Number of protein chains: 2
Amino acid sequence: MRKFETHAAYCPMVRTMGYIGGKWKPIILARLAVGNVRFGRLTIQIPDISRKILSQQLKELEEDGLIIRHSYNEKPPRVEYELSDIGKTLMPILNAMNDWGEQIAGNIGSGHPISDKLSGKQVV
Amino acid sequence: MRKFETHAAYCPMVRTMGYIGGKWKPIILARLAVGNVRFGRLTIQIPDISRKILSQQLKELEEDGLIIRHSYNEKPPRVEYELSDIGKTLMPILNAMNDWGEQIAGNIGSGHPISDKLSGKQVV
DNA sequence: AAAAGTGGTAACATTAAAGTAACTAATGAG
DNA sequence: CTCATTAGTTACTTTAATGTTACCACTTTT
């Protein structure tokens, strides 16, 4: 969870950011929102995240009660992650973020900074 | 804007995170969603952000076309920020985040990691 | 016998983000 | 004449976040 000071106590936005403010957390959560996913599958769906960071973020999300980790005692191991009930309450946020990302790619004319960034080779 | 690799080209979540993925950006945007705000007022509304970081984040948001900066040529200076039309399309995200932050404070019983974190002195 | 598949972890390195303190210009107030 | 006000910037430092590489255990497949 990201660190904030006392401001958190009374600002809902700061509180929310404390839970999903990481670079990867909303992206991970959005994948889990579609359905249970294994660790290895997440590394494929999110190719730019390292396994170390993925593992670390999943652990934080679990500690924060947003996801549940199911470990099956098999060899080779199998571990599945799913949104907890509370994690599911994040769906409106995740859906809104996903929708925005989809719309912004198409609805903007060239000349606007957003469209220019998307069309150029600049990392987005 | 946060840096992501090629994954961004086809993942809406990654794209969205590129624009609002910073620690402070959603918090700043949520303030602007309520109405135009001066620089100094933002530093009061968001006490934990430094002026340097605030200034820097505002500049990025402006470059990304999400907010508009109005500078009145007065002494002492007056500068107001407002959401651009595109910035306003972020409102569903901002509202969802704000709602979640409000609800999560009240709707969780003790014993749950979220409620424990909120009630303890741990930074949230 | 060696390689592949899985879900990690440990040590280490790097980059990104954030913070601090001091400073600016121009005016009005006291 | 000095202080307060505003919206910053600059230089420097520190902390947080993320990344890289190599490795483990155990079983099945080749």
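Values quoted throughout were computed directly from the atomic coordinates according to the rules given, and no laboratory measurement underlies them. Remember, it's a predicted structure, so these values are computed and weren't measured experimentally. Cβ sites come from the backbone with ideal geometry, for glycine too, and all protein chains shown count toward neighbours.
Below is a table of values for the structure above.
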| quantity | calculated |
| --- | --- |
| Residues in the stretch B:33-57 that a label on B:GLU74 would reach, taking backbone N under 20 Å of a point 7 Å out along Cα→Cβ | B:35-45 |
| Identity and axial distance of the chain B residue whose Cβ lies nearest the axis relating B to A, Å | B:ALA96, 2 |
| Full-extension gain in nm, A:ILE53 to A:ASN95, via 0.36 nm per residue minus C-alpha separation | 12.8 nm |
| Gain on full stretching of the segment that runs from A:GLU102 to A:GLU63 - 0.36 nm per residue minus C-alpha separation | 11.0 nm |
| The stretch B:25-92: C-alpha pair distances exceeding 20 Å, % | 21 percent |
| Amide H contacts of B:VAL37 (H built 1.01 Å from N, under 5 Å, at least 5 apart or other chain) | B:TYR81 |
| Other-copy label distances relative to B:GLY106, 7 angstrom Cα-Cβ extension, nm | 3.8 |
| Cβ neighbours within 10 Å from other chains - mean over B:87-96 | 5 |
| Partner chain coverage, peptide B:17-27 - average Cβ within 10 angstrom | 6 |
| Copy-to-copy label separations for A:GLU80, where each label sits 7 Å from Cα toward Cβ, in nm and ascending | 5.5 |
